[in-house]
Amino acid sequence: MDLGHAILGPSSSGTWIQCPASIRMCRDLETESDSEYALEGTRFHILCEVTARHHLLGGSEAEYADGLLEWANGTADEWQEDQLLYVKDWILFLESFLEEDPDAMLMLEVRVDTGVPGCWGTADAVIIHTYGLVRVIDIKYGTGIHISAPGNSQLRLYGVGALNTAVPDPSSIQEVSNIVWQPRRSNISEETLSKKELIDWRDDLIPVAKLALGEDAPF
């Protein structure tokens, strides 16, 4: 079921956590069209999913060809060479985790419910390991800002969402590792929390989310 966009998006959580009133203040503003940089990142995400689904999850040749054609038709010519280069690194990055645990489960573009009211999102990749660890990986294609995982509310929300939504047996999980993969800055950043730490952090956030959803949300 398509839930549309979350009212409290994980990607904007840094704003609404600090200023709950930002949600109601921005509610009636016209939505700006995506910037060139955002579009470039979106197209790279599509390429990463299409390629990983084929190479790592056994997708058919026909589906792969159709996916590549769709990507190429919507991707500016000047972006394509770099994106095809970096997607190879994406496959190697995922393979490095799967090789250490051949029975791990890889999931791509996973819709996750965080357990925070009005807050859900899509995790780029979730790897459920057999030894009690979940890895949640977020692709950042931009070069302007170096993204760090420790303390990153967006990644933590994806992590707790994956725990809630993607893991068949959450009782089997002890830790969640939230990872930023930013290839054009050669940046891999990771934060690993115990399941309890992550759930406690999420539970502390719920009252803030309820404030942000209200008409009297404070600045």
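The values are calculated or read from the model by the stated rules, or taken from the named source; none is laboratory data. This structure is a prediction, so every number in the text was calculated from the model and none was measured. Cβ placement follows ideal geometry from the backbone for every residue including glycine, while neighbour counts extend to all protein chains displayed. In case anyone asks, the SASA skips ligands and DNA or RNA and just uses the protein heavy atoms, side chains included. Shrake-Rupley method; radii C 1.70, N 1.55, O 1.52, S 1.80 Å.
Quick notes
- Inter-label distance, Leu92 to Ala38: 3.2 nm, where each label sits 7 Å from its Cα along the C-beta direction.
- Sites Leu68 and Thr15 - FRET efficiency at Förster radius 35 Å, r taken between beta-carbons, to 0.05: 0.45
- Extension gain, Ser60 back to Glu109 (0.36 nm per residue minus Cα-Cα distance, nm): 15.9 nm
- Between Arg43, Arg202, Arg24, the GNM of the chain built on Cα springs shorter than 10 angstrom shows Arg24 fluctuating the most.
- Taking 0.36 nm per residue of separation and subtracting the current Cα-Cα distance, fully stretching the chain between Thr122 and Ile206 would add 28.3 nm.
- Fully extending the segment from Ser148 to Asn164 would add 3.4 nm, taking 0.36 nm per residue of separation and subtracting the current Cα-Cα distance.
- Couplings 3J(HN,Hα) of the stretch 144-158, computed from phi: x, 10, 6, 9, 10, 7, x, x, 6, 5, 4, 5, 5, 5, 4 Hz, in residue order, whole Hz [Karplus 6.51 cos²θ - 1.76 cosθ + 1.60, θ = phi - 60°; x for Gly and Pro].
- Projected label points at Phe219 and Arg27, each 7 Å from Cα along the beta carbon direction, are separated by 1.8 nanometres.
- Carbon + sulfur, % of accessible area of the chain - ligands and nucleic acids excluded, 1.4 Å: 52
- Fraction of beta bridges assigned by DSSP in the chain that are antiparallel (%, nearest 5): 75
- Qualifying lysines (Cα of each under 26 Å from Cα of Lys210; at least 8 residues distant if same chain): Lys195, Lys196
- Unit charges at the beta carbon, dipole of the stretch 39-96: most positive-side option, Ser96, Tyr64, Gln80: Ser96
- Residue among Glu99, Glu40, Glu49 with the largest mean-square fluctuation in a Gaussian network model of the chain, springs linking Cα atoms under 10 Å: Glu99
- With the highest mean first, a sort of the peptides 156-165, 114-123 on other beta-carbon atoms found within 10 angstrom per residue produces 156-165, 114-123.
- Simple spin-label estimate for Glu81 and Ser171 in nanometres, 7 Å along Cα-Cβ: 5.6
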